[in-house]
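Nothing in this text is a laboratory measurement; each read-out follows from the coordinates by a stated rule. Keep in mind that what you see is a predicted model, and the values were worked out from it rather than measured. We place every Cβ from the backbone using ideal geometry, glycine too, and count neighbours over all the protein chains shown.
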Protein chains: 2
Amino acid sequence: MTDVDEATLTARLMLSWLFEPGSKAVHFLVAKHGPQEALNRVLRGLVPEDLHGPAASRLQGEDPAAVAERLFADANRLGVRIVVPESQDWPSTLDDLSRISVDTKKDRIERDTFPPHALWVRGTLPLMDLPSRAVSIVGARAASGYGLHMAADIAYGLSSRGWTVISGGAYGIDAAAHRGALAGTEFGGSTVAVLACGVDRPYPVAHQGLFEQIVQSGLLISEWPPSAHPYRNRFLIRNRVIAALSRGTVLVEASARSGARFTLRRARELGRPTMVVPGPATSANFIGNHEILRTEVTARLVTNAAQVIEDAGPIGEFAELARGPIRPFDHLSSVEQQLVDAAPRRDGALASQIAAEAGIGLREALAILPSLAVRGYLHRTADGRYCLLT
Amino acid sequence: MTDVDEATLTARLMLSWLFEPGSKAVHFLVAKHGPQEALNRVLRGLVPEDLHGPAASRLQGEDPAAVAERLFADANRLGVRIVVPESQDWPSTLDDLSRISVDTKKDRIERDTFPPHALWVRGTLPLMDLPSRAVSIVGARAASGYGLHMAADIAYGLSSRGWTVISGGAYGIDAAAHRGALAGTEFGGSTVAVLACGVDRPYPVAHQGLFEQIVQSGLLISEWPPSAHPYRNRFLIRNRVIAALSRGTVLVEASARSGARFTLRRARELGRPTMVVPGPATSANFIGNHEILRTEVTARLVTNAAQVIEDAGPIGEFAELARGPIRPFDHLSSVEQQLVDAAPRRDGALASQIAAEAGIGLREALAILPSLAVRGYLHRTADGRYCLLT
């Protein structure tokens, strides 16, 4: 907090309190006049109705200075840092949100998706470096056992390789991802929950313990001030922050309607890697996953943390290709395989018979059969015949 | 058979008997001299050692005319049609195999993959039209219950829409695909098994009943003459025919090592659509599926027959997008949603309070709240307050 002058900090804080996040109009007002003059114009009513209306509604005649004082007092009381775009600790990747253009008519969110003006942060982990080594993991609340396993498994794999996991604070995939990541923090990883309500307000209440655990090594983050309610529409607008804070986003489990699909869409709009875990085609819980893998050419299928790092990480970190075990016959050339195939199991056959059956020239067969016997693929009888078994 | 002159038919039959299928050298010999002169040169030894050797090996001094007579007699006795490239019933898509180039050094098959010279066919279904409305379904023998279900389900969906299913004759995915397709034949579909052994030789033996059932409405096809053994290397070379006989190939279940992946590769080399069913990332049985979906940009994820037809069928047959149920809140605009979110459950709040909480201008809120009440999203109390419940 201390690296930003108080007037700027106060202006950012008030702008973030006066307006719901994401507003394009507020963003451009600040871009044009700077945060202090922008706030000044809002408070003096020198802005169009689409800005004046909401601000007046929220302020309801209260003294702005008193509101700011209350917000700072809340932050102090709760041990919450306030990070604004002028802070050294501001993650610059959030500014990428000003460059995505969402068609508000076509988007289910129907809201502008511009960067936050302030983040309320619990936890000591620096925010600034987060995006260089963080991956977002998102998915449904009513998740399957398989989905929960995959979220925890991938999150643990990332965390135990020193990566940070970013997710929301909901039941299901969010919680499984945090728990998986927490299990790997001893190896340098951490986990971050981006909430759609005040960071002092555990939602769901059952996650109070989980959130306290997250704060020990990671962060709780919100765009809304303490005590803000987790309204339905706030989850969808919050998702753009989850996408913008990481190198890429993994969708673990999403039905045809899951809001998690929108987080993945934001990641795609930001030009970040989008990754999707496959699931059973028979489960409605994975219709969203499969629809995206089927229709979005940029979405990449992932099955483990190594692949996630290959896709989201710096160039050069490649997951090992699954090869399966090497089997004895792998060492045979095609012609050798044809000869072994054509040899009888027992009661040896002449080289000419085997060559005929295999469709190989006799000269070639005579050159190869002894080597197959030496290498143990065939047995050579005392009278020079060949078979499979001794 | 009757539409091809006997000399040509005999020549094709003998070439297919003398050489294992797929040979590039034989293909170009026939392309240059025609089948009769090509056979003549082979029998007179006027060809290089790589052709002379195998032919001499197989013939072993037998009279070629006697061999041909025996092959025709076998065909008659078993009720098997012989279809050659000169037949009217020859599916011309098989000729596409002469245009794919397989790097025999890098390919696990290490064999040329040129078109067959003859097909031995049981069943009355015309071959010629097959590829215009057929899809191949391939996968592992040791398949999971889920994979078997998906194979049968997709095959039934295709068959009951009048499509033909093409597969091998093995346990697992092959058999499940045939059984699924057979269940839909009353709607105009059929199923075709392409074998790696003689069509008179059920392999595996337990599938004798299945093969007889297939012949009733569909086809058994082989490149090898009756009584030919199903050698290991023949399955891999056979796969190119499965790929070339259909509009596209669906891989249902494949471990990291499954040979079914090579059928999909042939389809890709032929420029035909390649489709892959997703499965649980926790199962080794689907490592092949996921590796292909992850690394092959042309492979398309499919979860049902409608999607398969969308991908493989004539342009314009589109699967319906999975949308999920429409929910009450879907009909709200974002601003309406913000106002509903901000209304208390009971004990109504003033419009100005709701507007403040929602971050919406009072004038806008006053314009929208009555409509939300009329439409039943909010309750309006006698004194003009709003809440969620009556």
For a Förster distance of 35 Å, can you work out the FRET efficiency between the beta-carbons of A:ALA183 and A:ARG99, rounded to the nearest 0.05? 0.45
Net charge around A:ALA373, counting only other residues with Cβ within less than 12 Å of its Cβ (Lys, Arg = +1; Asp, Glu = -1)? +2
Per-copy distances of the A:ALA25 label point, shortest first, in nm (7 angstrom along Cα→Cβ): 8.1
What does a probe at B:ASP63 reach in the stretch B:24-55, counting residues whose amide N is under 12 Å from the point 7 Å along Cα→Cβ? none
Take peptide A:274-284, look around each residue's Cβ out to 10 angstrom, count Cβ atoms belonging to other protein chains, and average those counts. 6
Report the full-extension gain for the segment B:SER333 to B:GLU37: residue separation times 0.36 nm, less the Cα-Cα distance, to one decimal in nm. 98.8 nm
What does the C-alpha gyration tensor say about the overall shape of the stretch B:77-193? Classify as rounded when a/c is under 1.5, otherwise prolate if a/b is larger than b/c, or oblate. oblate
Per the helix-only model, chain A has a calculated mean residue ellipticity at 222 nm (DSSP H runs of ≥4, -39500 (n - 2.57) each, divided over all residues, rounded to the nearest 500) of -13000 deg cm²/dmol
In order through the stretch B:127-140: 3J(HN,Hα) via Karplus (6.51 cos²θ - 1.76 cosθ + 1.60), integer Hz, x for Gly, Pro: 7, 3, 7, 3, x, 6, 9, 10, 10, 8, 10, 10, x, 6
From the label point of B:ARG70, set 7 Å along Cα to the beta carbon, how far off in nm is each other copy's matching point, shortest first? 10.1
How big is the shadow of the Cα convex hull of the protein assembly as shown, averaged over all directions, in nm²? 40.1 nm²
Which three lengths, in whole Å and largest first, does chain A cover when its Cα atoms are put on their principal axes? 109, 42, 36
For helix B:6-18, report the angle its Cα long axis makes with the longest principal axis of the Cα atoms of chain B; keep it between 0 and 90° and round to the nearest 10°. 80 degrees
For chain A, with +1 on Lys and Arg beta carbons and -1 on Asp and Glu, the positive-most of A:GLY34, A:VAL121, A:ALA181 along the dipole: A:ALA181
Starting from the 7 Å offset along Cα-to-Cβ, what nm value, one decimal, do you get for the label separation of A:ARG70 and B:GLN88? 9.0 nm
Averaging sequence separations of C-alpha pairs under 8 Å and six or more residues apart, then dividing by the length of chain B, give the relative contact order as a whole percent. 12 percent
Where trypsin sites (Lys or Arg not before Pro) in DSSP loops with at most 14 other Cβ within 10 Å are excluded, longest remaining stretch of chain B: B:109-322
Rounded, prolate or oblate for the stretch A:79-312? Axes are the square roots of the Cα gyration tensor eigenvalues, ordered a ≥ b ≥ c, and the cut-off for rounded is a/c under 1.5. rounded
Grab the Cα-Cα distance for B:ARG346 and B:ALA142, subtract it from 0.36 nm times how many residues apart they are, and report the gain in nm with one decimal. 67.5 nm
Net dipole in debye of the protein assembly as shown [+1 Lys, Arg Cβ; -1 Asp, Glu Cβ; about Cα centre; nearest 20]: 560 debye
So, with +1 on the Cβ of K and R and -1 on the Cβ of D and E, and no other charges, what is the size of the charge dipole of the stretch B:328-387 about its Cα centre, to the nearest 20 debye? 180 debye
For B:ILE166, the residues 5 or more places away or on another chain with a placed amide H closer than 5 Å to its own amide H are B:VAL135, B:SER136, B:ILE137, B:VAL192
Calculate the spin-label point distance for A:THR282 paired with A:GLU212, positioning each point 7 Å from the Cα along the beta-carbon direction, and give it in nanometres. 4.3 nm
What's the minimum Cβ distance from chain B to the axis relating it to A, in whole Å, and which residue gives it? B:PRO278, 2
Per residue and in cubic angstrom, what volume does the convex hull of the Cα atoms of the stretch A:1-76 have? 92 Å³
Between 0 and 90°, nearest 10: helix B:173-182 axis offset from chain B longest Cα axis: 80 degrees
How far, in nm to one decimal, is A:ASP383 from itself in the other copies if the label point is set 7 angstrom along Cα toward Cβ? Shortest first, please. 11.4
Whole-Hz Karplus ³J(HN,Hα) for the stretch B:63-71, in order, using 6.51 cos²θ - 1.76 cosθ + 1.60 and θ = phi - 60°, x for Gly and Pro? 6, x, 5, 5, 4, 4, 4, 5, 5
Starting at the first residue of the stretch B:43-58, write each ³J(HN,Hα) from the Karplus equation 6.51 cos²θ - 1.76 cosθ + 1.60 with θ = phi - 60°, in whole Hz, x for Gly and Pro. 5, 8, x, 8, 9, x, 4, 5, 9, 5, x, x, 5, 5, 4, 6
FRET efficiency for A:ASP383 and B:SER132, using Cβ-Cβ distance with R0 set to 60 Å, rounded to 0.05: 0.60
